[in-house]
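These notes concern the structure reproduced below.
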């Protein structure tokens, strides 16, 4: 899969980049803000976007998911803050929610297994 | 709005107190009015009783005189010696009497008399009021008029007497002087009990017959006293109560100044009213002020608690986020390494585990900062002071941050300070960590140790990051002050802890704003006597200092 990883924490980007590469995926782009994530998805046309919920000033992960929404792009909201409201908002824009701390759940979501994949 | 509502509540409460006072005043005034009416009724009753008493006495006197008049006939001839002798005997029975007796025949001619002031025998008795005695055979009290048996004004009792033919054909007149020292007036005077009280008896002509006001005796009574209203009424500054003495045709009158009459009742009441009114006003004012103060205090307390609660919630939110990030990072790198162990070469494994260690360090630093802050606020952060070479402490802190580019410039000779090495290392770690967060990736952090002109050790940690605004520099050491921009992670506790530790060591800490990046400087007092050579002091052109 061609992936874009968006998170305002560089350590998370490093981790996901390493792990997804080891999983056999291509990391075609990274972003550290909501605006940069939208730009990267528009420019690079990935198949999967892994995006954090809180991205600092500007659009959050769900706003980004809404903006880049298209049938051939799977958006995974990768966040520490999983709540019923977050899940509902994500569903409305066609995204799934994976809680940070479980790489295996994230890998399954990237592969498209068991949607919606929430932990 | 809150202030307006507080004032309104205070006003309402104060107004209620004042209203209560008003109600009390109204009740007291009502009681006062009732008391006055009761007093008036009492006084009227007293005057009426006086009048009834005199009326009874007059009635009894008339009855006695009627018997006397009909007991033995009189000759009723002018100058009759037997009549004269009997009259003189009557006079001699009352040697203290200052007035005398007169005999009249059926035509009203004076036939005899005692103590006559002039020869009036044989002349008509012209005193007004005698007609009912001669014509209707009724005893009467004649109004005050000049007397015939005394030079003083007199009132007189006239009653029918039996003549020689056996019928009631003439009259006897007994005069009595109207004067201050008359026996009757002395009785009236004895009634007086107040400074302005006047008791008077007034005949049907309006002449004062007797009075405790001696100057009015024998004169016409004042018009307000002759007011035809009976009972109780006010006239000018006086109160007047009057009652009829029917048999005598007189009026009994009580007079007193209004203030004296009501004084015993209204004096204390007015004093009480004044006290109540003052107490109500003072109470209302105090209630308003106290309630307002309490409301404001409660509102301030509410604001303070809301602020504390908000700060606590923000702190919990920040800390929980900051905890999760390194925890999940640490777990993630270890999970990746273990899951792909065979797919990684040694270098990649080392790098992954190194990332895990960085996250673990971050987690450790966070928990240490939170616990340190709690200890600082409880005044319980422990220190173990000893004399140490500060160069070793700084080197140790710089080496611990293995994945950062930290350039350390230390003096060639020992720089001894009295400090807790672990706490100074904590300060250095926080300052370097802060510099790293606010610098571009792989930008150099410079740590320099020198001295101030005052001989203190001066440590400077300089970054080449985004720099601080004046406002940010002013708040840099506040608790929860987070970063130079919102994207920088952290709890906002690092510099707050540094300030607390540096000040506990007797030092100062401040922000030095630079053209590029920021320096944070702190001092420590030297432990030894010989200070290090002074070196150029970094510019302290900053608006934020956190001097100890």
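Some values worked out for this structure:
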item	result
Ordering of B:178-190, B:149-161 by burial proxy (mean other Cβ atoms within 10 Å per residue, highest first)	B:149-161, B:178-190
Degrees separating the helix B:2-69 axis from the principal Cα axis of chain B, which is the longest one	10 degrees
Exercise: per-residue mean of other protein chain Cβ atoms within 10 Å, A:11-22	6
Principal-axis tilt of helix B:421-437 within chain B, Cα atoms, nearest 10 degrees	80 degrees
Tilt relative to chain B, helix B:390-400 - C-alpha long axis, 0 to 90 degrees, to 10	70 degrees
For the protein assembly as shown: span of alpha carbons on each principal axis (Å, largest first)	177, 74, 36
Those residues of region B:257-275 whose amide nitrogen sits under 18 Å from the label point placed on residue B:26, 7 Å along Cα→Cβ	B:273-274
Within chain B, percent of DSSP bridges classed antiparallel, to nearest 5	95 percent
Average projection area in nm² (convex hull over Cα atoms of region B:321-370, one quarter of hull surface)	3.1 nm²
Antiparallel %, DSSP beta bridges [both residues in the protein assembly as shown], to 5	75 percent
Segments A:92-104, B:201-213, B:119-131 sorted - mean Cβ within 10 Å per residue, highest first	B:201-213, A:92-104, B:119-131
Volume in Å³ per residue [convex hull over Cα atoms, computed for region A:2-111]	85 Å³
Principal axis box of chain B, alpha-carbon based, largest edge first, Å	176, 57, 38
Within region B:394-432: backbone nitrogen closer than 17 Å to the residue B:504 label point (7 Å, Cα to C-beta)	B:418-431
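All of the numbers you see were taken from the coordinates with simple rules; none came from a lab. Being a predicted model, the structure only gives us computed values, none of them experimental. A quick note on method: Cβ atoms are made from the backbone with ideal geometry, for glycine too, and the neighbour counts reach across all protein chains shown.
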